[in-house]
Amino acid sequence: MRKTAPVPTIMDFERMLREVELRVTRPRLAVLAAVHGHPHADTDTIIGAVRADLGGVSHQAVYDVLRALTTARLLRRIEPPGSVARYEARVGDNHHHAVCRSCGAIADVDCAVGHAPCLTASDDHGFTIDEAEVIYWGTCPACSTSLKP
């Protein structure tokens, strides 16, 4: 089982931004904090958290920050079929996701047989593969309990 990483501090976020050569701005810090605090959050949730932290900030500003942080690989954007885009701070380890068909809850799933085994495709068609996306579909424990007679 994967150990939970310690919650990053503002100084950690500042360092992360500088390491990828992005300017440290209040909106970028607020978005990083929001995504770290709300794994698999959609943009509306992130916008709400950022506004609670900074006050008035536009939707477009948050979208722009999300795009910049995703491009810099500080965040990962996932979009399970039938779902809106969601963002997470767990990057670089090629983990997967389990999605509840009933409520849409999303959980991280580590690779079953070691470090990123799914990057070895049966036929890569000449591509240099650096990420694989596997989605497990099912029913989460809360929904499974509510469906029982």
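The values are calculated or read from the model by the stated rules, or taken from the named source; none is laboratory data. Since the model is a prediction, treat every value here as computed from it, not as a measurement. Note that we place each Cβ from the backbone using ideal geometry, even for glycine, and neighbour counts take in every protein chain shown.
Looking at (1) in contact with a helix residue (DSSP H, G or I) (Cβ under 8 Å, 6 or more places away or on another chain); (2) surrounded by fewer than 12 Cβ atoms within 10 Å (Cβ to Cβ); (3) under 16 Å from Glu88 (Cβ atoms), which is the only condition Arg23 fails?
Only one criterion is unmet by Arg23, namely (3).
From (1) in a strand (DSSP E or B); (2) at pLDDT below 95, pick out the condition that doesn't hold for Arg90.
Of the numbered conditions (1) in a strand (DSSP E or B); (2) at pLDDT below 95, the odd one out for Arg90 is (1).
Given the structure, is Pro81 surrounded by 13 or more Cβ atoms within 10 Å (Cβ to Cβ), over 11 Å from the mean Cα position of the chain (by Cα) and modelled with pLDDT under 95? Give the steps one after another, and end with the answer.
Numbers: surrounded by 13 or more Cβ atoms within 10 Å (Cβ to Cβ): no; over 11 Å from the mean Cα position of the chain (by Cα): yes; modelled with pLDDT under 95: yes.
Spelling it out, it is not the case that Pro81 is surrounded by 13 or more Cβ atoms within 10 Å (Cβ to Cβ), over 11 Å from the mean Cα position of the chain (by Cα) and modelled with pLDDT under 95.
Would you please name the residue that is nearest to Pro81 (Cα to Cα), looking only at residues in region 94-128 that are exposed (fewer than 13 other Cβ atoms within 10 Å of the Cβ) and modelled with pLDDT of 85 or more?
Arg101
What's the number of the condition Glu131 fails, among (1) surrounded by fewer than 16 Cβ atoms within 10 Å (Cβ to Cβ); (2) in a strand (DSSP E or B)?
(2)
Determine which single condition Asp53 fails, assuming it passes every other condition in (1) surrounded by 15 or more Cβ atoms within 10 Å (Cβ to Cβ); (2) under 18 Å from Glu133 (Cβ atoms); (3) of a type in the set (Asp, Glu).
Single failed check for Asp53: (2).
How many residues does region 42-61 hold that are of a type outside the set (Val, Ile, Thr), under 29 Å from Ala98 (Cβ atoms) and touching a helix residue (DSSP H, G or I) at 6+ places or on another chain (Cβ under 6 Å)?
1
State yes or no: is Arg73 within 27 Å of Asp130 (Cα to Cα), in contact (Cβ under 8 Å) with a residue 40 or more places away in the chain, loosely packed, with under 14 Cβ neighbours inside 10 Å and not assigned by TED's automatic domain parsing to the domain that holds Ala142?
On the way: within 27 Å of Asp130 (Cα to Cα): yes; in contact (Cβ under 8 Å) with a residue 40 or more places away in the chain: yes; loosely packed, with under 14 Cβ neighbours inside 10 Å: yes; not assigned by TED's automatic domain parsing to the domain that holds Ala142: yes.
Criteria met by Arg73.
Going by the structure shown, is Asp12 over 28 Å from Cys103 (Cβ atoms), surrounded by 12 or more Cβ atoms within 10 Å (Cβ to Cβ) and within 18 Å of the chain's Cα centre (by Cα)? Talk me through it step by step, then tell me what you get.
Details: over 28 Å from Cys103 (Cβ atoms): yes; surrounded by 12 or more Cβ atoms within 10 Å (Cβ to Cβ): yes; within 18 Å of the chain's Cα centre (by Cα): yes.
Spelling it out, Asp12 is indeed over 28 Å from Cys103 (Cβ atoms), surrounded by 12 or more Cβ atoms within 10 Å (Cβ to Cβ) and within 18 Å of the chain's Cα centre (by Cα).
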